[in-house]
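> Pasting in a structure now, in structure tokens, and then I'll have a few things to ask.
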Amino acid sequence: MCAWTRRACSALSTPEISRLRSRPVEPDSRRFLLQRARAVIAARINRQPPPQQSAPAEVKQTRCGLFVSLHTREFPGSEAQLRGCIGHLHPRSNLEREIDLVAEQAAFADHRFAPLAGLEELQRTSIEISLLSPFEPVSDINEIDPGRHGLYILVGRSSGLLLPQVATQREWDRLTFLRHLCLKAGCCADCWKSPRARLYRFSAEVFDEDSPGVR
């Protein structure tokens, strides 16, 4: 499961998120974002500034919510385990700038994990990027399609988010997805029923280094 930074949360009064992305990004933009994420993490490990790279025009022009997920294999053939996942809900800048911030935070600032140890571990780590669609208010839970939709909930000062792929990976149905969303927000499992709860759905464009057209 993924997290987002406190700074991103504090900037979020209403989910005016991912407003400027209306279609999937091109393969060269996907390649750049994945390569850039890996380069930024490697530079941090080596205590060097990130390399200069020329971003595609689309990356410079696109603003949207962004998550970076890291999965590491202990040895070849073993099952990959979540190693870090951080995201920004609110697009404070374009993807060219956001990817640097989010990739570094996923590798070194996810409080659930120790920082990425070194280049050897990075070589065993795959990178997955999720670009978020605009958020839509949910008035009826039947509007939620697990696996297609991610969810965001706001209850008073508490909030939680789960990406669409989480429900797919864990084979959750709609109600199970909602319960885990509420628990992620630090609330009781049925807090989505509260009159104070504000529930939103979104989709995500998800790709990794093994996605078609990326390599």
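> Looking at 99, 86, can you tell me which residue is surrounded by 18 or more Cβ atoms within 10 Å (Cβ to Cβ), aliphatic (A, V, I, L, M) and assigned to a strand (DSSP E or B)?
When all the criteria are applied, what remains is 86.
> Here's another thing I want to ask about it. Check off (1) assigned to a helix (DSSP H, G or I); (2) at pLDDT below 90; (3) of a type in the set (S, T, N, Q) for residue 29 and give me the number that stays unchecked.
Only one criterion in (1) assigned to a helix (DSSP H, G or I); (2) at pLDDT below 90; (3) of a type in the set (S, T, N, Q) is unmet by residue 29, namely (2).
> Tell me, yes or no, whether region 111-123 has at least one residue that is outside any strand (DSSP E or B), touching a residue at least 24 places away in the same chain (Cβ under 8 Å), within 30 Å of residue 159 (Cα to Cα) and among the acidic types (Asp, Glu).
Checked region 111-123: no residue is outside any strand (DSSP E or B), touching a residue at least 24 places away in the same chain (Cβ under 8 Å), within 30 Å of residue 159 (Cα to Cα) and among the acidic types (Asp, Glu).
> Which of (1) out of contact with any strand residue (DSSP E or B) (no Cβ under 6 Å at 6 or more places or on another chain); (2) among the charged types (D, E, K, R); (3) assigned to a strand (DSSP E or B) is the odd one out, the single condition residue 128 does not satisfy?
(1)
Every residue, every condition in (1) touching a Ser or Thr at 6+ places or on another chain (Cβ under 8 Å); (2) over 22 Å from residue 165 (Cα atoms); (3) of a type in the set (Ser, Thr, Tyr), yes or no:
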position: 44; (1), (2), (3): no, yes, no
position: 50; (1), (2), (3): no, yes, no
position: 56; (1), (2), (3): yes, yes, no
position: 76; (1), (2), (3): no, yes, no
position: 85; (1), (2), (3): yes, no, no
position: 98; (1), (2), (3): no, no, no
position: 102; (1), (2), (3): no, no, no
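> Which one is farthest from the chain's Cα centre (by Cα) among residues in region 37-81 that are part of a strand (DSSP E or B) and touching a residue at least 24 places away in the same chain (Cβ under 8 Å)?
Looking at residues that are part of a strand (DSSP E or B) and touching a residue at least 24 places away in the same chain (Cβ under 8 Å), I get 72.
> For region 179-215, give me each residue that is of a type in the set (Lys, Arg) and either under 13 Å from residue 152 (Cβ atoms) or part of a loop (DSSP other than H, G, I, E, B) (or both).
Hits for region 179-215 are 184, 196, 198, 201, 215.
> Considering only region 166-204, state which residues are closer than 30 Å to residue 31 by Cβ and crowded, with 17+ Cβ neighbours inside 10 Å.
Start the filter on region 166-204 by keeping residues that are closer than 30 Å to residue 31 by Cβ, which leaves 166-170, 201-204.
Result: 166, 167, 201, 202, 203, 204.
> Out of 119, 199, report the one residue that is hydrophobic (A, V, I, L, M, F, W, C) and more than 25 Å from residue 64 (Cβ to Cβ).
Every option except 119 fails the conditions.
> Moving on to the next point. Restricting attention to region 88-101, which residues are touching a residue at least 40 places away in the same chain (Cβ under 8 Å), closer than 19 Å to residue 208 by Cα and either among the aromatic types (Phe, Trp, Tyr) or touching a Leu at 6+ places or on another chain (Cβ under 6 Å) (or both)?
88, 99
> Hey, another quick one. Out of all the residues in region 145-183, which are at positive phi and in contact with a Lys or Arg (Cβ under 7 Å, 6 or more places away or on another chain)? Give the derivation first.
Going residue by residue through region 145-183, those that are at positive phi are 147, 156, 171.
Of everything in region 145-183, just one residue is at positive phi and in contact with a Lys or Arg (Cβ under 7 Å, 6 or more places away or on another chain), namely 156.
> Moving on. Only residues that are surrounded by 15 or more Cβ atoms within 10 Å (Cβ to Cβ), more than 20 Å from the chain's Cα centre (by Cα) and not in a helix (DSSP H, G or I): list them for region 131-158, please.
The answer is 138, 155.
The values are calculated or read from the model by the stated rules, or taken from the named source; none is laboratory data. Note that the structure is a prediction, hence the values are computed from the model and not measured. When we count neighbours, we look across all protein chains shown, and the Cβ atoms used for this are built from the backbone with ideal geometry, even at glycine.
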